[in-house]
Amino acid sequence: MQKPKVSKESKLSLNTIVGVCAIVTSICAIIITLYQTRLQRIQQYASVKPLLVGYSNSFSDQTNASHQSYHYELLIANQGLGPAIVSDYVFYYHAKPYQNIAEILKQIKADHQLDSTKTVMLTNLWKNEVLPVGEKLSLIKIDDERLGPLVEKSDIKIMVQYKSLYGQEWRFINNDKSEPKEVE
């Protein structure tokens, strides 16, 4: 009696190969979907990122021989893509913290024995204040030939901690040459 011939065909059938390819394709699709979701989230956060910057304007104007005026203005502006929500702020003068600018101006006037000044306009920051995109907030605006140069040369620093609509937080310091730093 003869033994039946056993065929030595590969044990991988066409169905098995198709099944393995389908599983590999599904895993690749899941990985690509997760990566695209991550990229969309990064783009979404970047599309509403606020950016606070600070700058000052000053100029002197002499209208006639006896009258000279000096203009000084300290501003912060939101030049980002989304609103900035103020979460904390502190003003510093000679490394001492103050909660508002009026206290700093009182101290500068006391330091230099100025009893009266001309036009002075102050704006304070408030916690949870929203600075829209493009908003310029004039914190100090002085039209006084004695006080203006003193405030300009004084060491006033402003620290503003603010967040975006998604809760990301940054800290801005006006005399710091670097851009705002993200707060963890």
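Across the stretch 150-172, what is the number of residues that are crowded, with 17+ Cβ neighbours inside 10 Å and not in a strand (DSSP E or B)? So the count comes out to 4. Restricting E184, E179 to those that are surrounded by fewer than 16 Cβ atoms within 10 Å (Cβ to Cβ) and within 11 Å of the chain's Cα centre (by Cα) reduces the list to E179. Residue check: N100 meets all listed conditions (1) under 24 Å from P50 (Cα atoms); (2) open to solvent by 60 Å² or more (accessible area, probe 1.4 Å) but one, namely (2).
Taking the stretch 103-149 as the range and being outside any strand (DSSP E or B), among the hydrophobic types (A, V, I, L, M, F, W, C) and open to solvent by less than 70 Å² (accessible area, probe 1.4 Å) as the test, the residues that pass are I104, L105, I108, A110, L114, L125, L147. Within the stretch 52-77, the set of residues being without any contact (Cβ under 8 Å) to a residue 40 or more places away in the chain and either exposed (fewer than 10 other Cβ atoms within 10 Å of the Cβ) or in contact with a Phe, Trp or Tyr (Cβ under 6 Å, 6 or more places away or on another chain) (or both) comprises T63, N64, A65, S66, H67.
Could you tell me whether K49 is open to solvent by 100 Å² or more (accessible area, probe 1.4 Å) and either of a type in the set (A, V, I, L, M) or modelled with pLDDT under 95 (or both)? It is false that K49 is open to solvent by 100 Å² or more (accessible area, probe 1.4 Å) and either of a type in the set (A, V, I, L, M) or modelled with pLDDT under 95 (or both).
The values are calculated or read from the model by the stated rules, or taken from the named source; none is laboratory data. This one's a predicted model, so the numbers in the text were calculated from it and none came from an experiment. Heads up, the Cβs are rebuilt from the backbone with ideal geometry, glycines too, and the neighbour counts pull from every protein chain shown. The protein model used for the area step is the full one, side chains on, heavy atoms only, and it has no ligands, DNA or RNA in it. Shrake-Rupley method; radii C 1.70, N 1.55, O 1.52, S 1.80 Å.
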